[in-house]
Each structure stands twice: as C-alpha cells, then as structure tokens.
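Down below is the structure, laid out as structure tokens.
The values are calculated or read from the model by the stated rules, or taken from the named source; none is laboratory data. Fair warning: this is a prediction, and the values are worked out from it, not measured in the lab. No Cβ is skipped: glycine too gets one built from the backbone with ideal geometry, and neighbour counts run over all protein chains shown.
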C-alpha cells in the first residue's frame, strides 16, 4: 500500500449556586469572589486570580469553568483543600490562546472533600506554547479504552525542505492553531474494543490486544457513531467521538516536538525500534498495542504498527497560518498516517503523509479515536 502507486446546564456563578453545587455532588468551592473574614483570597495572600463567570457540569465526572481570556497571558489552575496557597497544588497550565473566552475541564473528586479551585492569570514571557495540561486521562470503562488529553496550542505542520527522506507533499509547512483541547486514544483501537461495539472482527491478524485492521474509513466512522450513541448522555457539550483530523493527528504525534520523530531526528533510524513496529523489526504481522515507548503526551504507536485513518480528504497544504483545518471539502481518498508494521522506516516519520481509498480494507490499516469538538465538513 504505497501512496496510490503503493505511494448543561449552563450556570452563572453566584454564592447560592456554588453552595448548591457543593451540597449536591461537586464537593469544591470556586474561589472567584468569595469573602473570607472580610477579605478575598487575593487580598489576604496577594494573589491575582481570574473571575470565573460560568460553571457547567459535564456528566458525572467533570466540570467546565469559563472566563474572559487575555490572549497575551497564560493561566495556571490550582486546587487545594485549604484557603492558604501553601496548600495549593498546580494541576494545569494553559498556554496563550487568541480567543475571547477560555475554559478548563476539571475532573470531579469523588472523596466528598471540600476543594478550592483557583485560576491565576500570568503574562506570557514566551516558551511552553502547546505544552500539555495535567488534566487526567479519560477512560471508556466498557471498552477499557483510555483517552489522553491533548491541549489547545499551535505547531508547524509538515516538514522543512532539508528533512531527510522528505516527500514534496509534506510542504509548504503550515502554522496550525488547534483552538480547543481534545482527547485522543492512548492506543489504536484493539480488536477487543472493536468487537465490544461492532460485534464481529474483520481483522486478518487475530488477537484481542492487536489493533483492529481491515477496516475501511466508513467502518471506522461507523464505530465512532455507535460509540456516540452508547455514550451520548455523558459526552461533553459540543464534543463527539470521531476520527482525528490530519492536523490533530500530527499535532498529537509531535507532542511539542519539531523533529522527524517524536523522540528526535534519528537520521539512521537506529532508535526507531524502541518506539515503533515497522519493517525493520516486525516483518511478519501486527503487534500488541502499547508495547513500544509512548510520546511525551502518553500516546503509543503513533509511529508504526498500523496506519491510522484521519477524518480529512487528502489534499495539498496551504502554507501560511490556519486554524483547525479540515482539509479539502471533497476528494477521492482519505488521509492515513503513522506508517505500518510492513513498511519502511521513513514512512513512520511525524510528517509523512499517505492516503487510501475510503471503501478499501487493508491488513495494515486501522485507526484511533478522538473525542473532539464537533467538525463541520
């Protein structure tokens, strides 16, 4: 398979609502304008904090906080069991984002302890753009499928002209803004996970913990739609299970890097076997997911094992700067990424692009799912 030639409740913040939330299930206090002994927390401890103006519950496990954004600032999220900042734990850092609003997803603690939540605004001094937050991974318990949090941010998509083994369709390099956080499967969807949703297993290489393969693009999207139907009541507002866009896929694969692979340039491919299953160390079949070293955002097998379907039609890069690109509005083939167990090493590079017929299965082609803001194609 070369590239064709084998080539919701929205709740305005108020003391009464915060008390209701605390008594019912949330078990923490949003420290926005609460007065303690006649002084706010900011007055007592000389802390500058953000005024949270929206609190929204998302299912049983998360809350989302919203506030007015300063595009020149980053934000630190703290949580603690005491009003004193000496007892606060920093749980996330959000990079600057050019958007009038910001939000943060917070897992609800289930131990019934009172928790204080603070959001500090800090003027950005450069660096750290696109760094992951420390939000906890999500799990789909019925499938034992773990989803890793991917932060909003910015990166350069494609490869520079001088990158070894570069293909022309990896340019022109394009600055891409990922405007909203999303979640991506820690691993490729396994055969056990596929069977739990779809019933049968189309894979050529059999094994519950092997990646599912021989699935078309339509099959992968059908899996996502069934999962949305199963989990509809617990989905975040405006989010759905789907395939990642090509931009989301490369952004998550790179995990803040700009090298050929997420672990470095590796010009002679001498280190690749630690991170990927490819023709050099796996000439016979697919392998168990998560058996190789993940990237810095906790994602396994972004290099190798099976190719992965993306949402987009295949097309040329635009260059310049774009926000949340979805690729061409139509086409003949969909993007696949990541390389495969029976393909050469350079096909596993972070920037390498390939494509395949939407209705054709292949024993080196699978997918991983994203929980992503709703896309409009």
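If the condition is being assigned to a loop (DSSP other than H, G, I, E, B) and under 25 Å from residue 149 (Cβ atoms), then segment 183-202 contributes 186, 187, 188, 189.
Assess whether residue 270 counts as being at pLDDT 95 or above, part of a loop (DSSP other than H, G, I, E, B), surrounded by fewer than 18 Cβ atoms within 10 Å (Cβ to Cβ) and on the phi < 0 side of the Ramachandran plot. Criteria met by residue 270.
I want to confirm something. Restricting to segment 154-166 and keeping residues that are surrounded by 17 or more Cβ atoms within 10 Å (Cβ to Cβ) and touching a helix residue (DSSP H, G or I) at 6+ places or on another chain (Cβ under 8 Å), which single residue is farthest from residue 348 (Cα to Cα)? Selected residue: 155. Screening segment 46-71 for residues that are at pLDDT 75 or above and more than 20 Å from residue 238 (Cβ to Cβ) and picking the one that is surrounded by the most Cβ atoms within 10 Å (Cβ to Cβ) gives 70.
Residue-level check: of (1) more than 23 Å from the chain's Cα centre (by Cα); (2) under 30 Å from residue 282 (Cβ atoms), residue 331 misses just (2). Of the residues in segment 185-207, not one is assigned by TED's automatic domain parsing to the domain that holds residue 247, exposed (fewer than 15 other Cβ atoms within 10 Å of the Cβ) and either closer than 30 Å to residue 153 by Cβ or in contact with a strand residue (DSSP E or B) (Cβ under 9 Å, 6 or more places away or on another chain) (or both).
One line per residue, one yes/no per condition, for (1) within 20 Å of residue 165 (Cβ to Cβ); (2) under 20 Å from the mean Cα position of the chain (by Cα):
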position: 213; (1), (2): no, no
position: 225; (1), (2): no, yes
position: 262; (1), (2): yes, yes
position: 267; (1), (2): yes, no
position: 302; (1), (2): yes, yes
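Restricting attention to segment 203-238, the residues that are in contact with a helix residue (DSSP H, G or I) (Cβ under 8 Å, 6 or more places away or on another chain), in a loop (DSSP other than H, G, I, E, B) and under 13 Å from residue 371 (Cα atoms) add up to 1. Looking at segment 297-343 only, could you name the residues that are in a loop (DSSP other than H, G, I, E, B) and surrounded by fewer than 15 Cβ atoms within 10 Å (Cβ to Cβ)? 316, 318, 319, 320, 328, 329, 330, 331, 332, listed by residue number. Just one of (1) at pLDDT 95 or above; (2) surrounded by fewer than 21 Cβ atoms within 10 Å (Cβ to Cβ) fails for residue 247. It is (2).
From the list 372, 348, the lone residue that is at negative phi and either modelled with pLDDT under 95 or touching a helix residue (DSSP H, G or I) at 6+ places or on another chain (Cβ under 6 Å) (or both) is 372.
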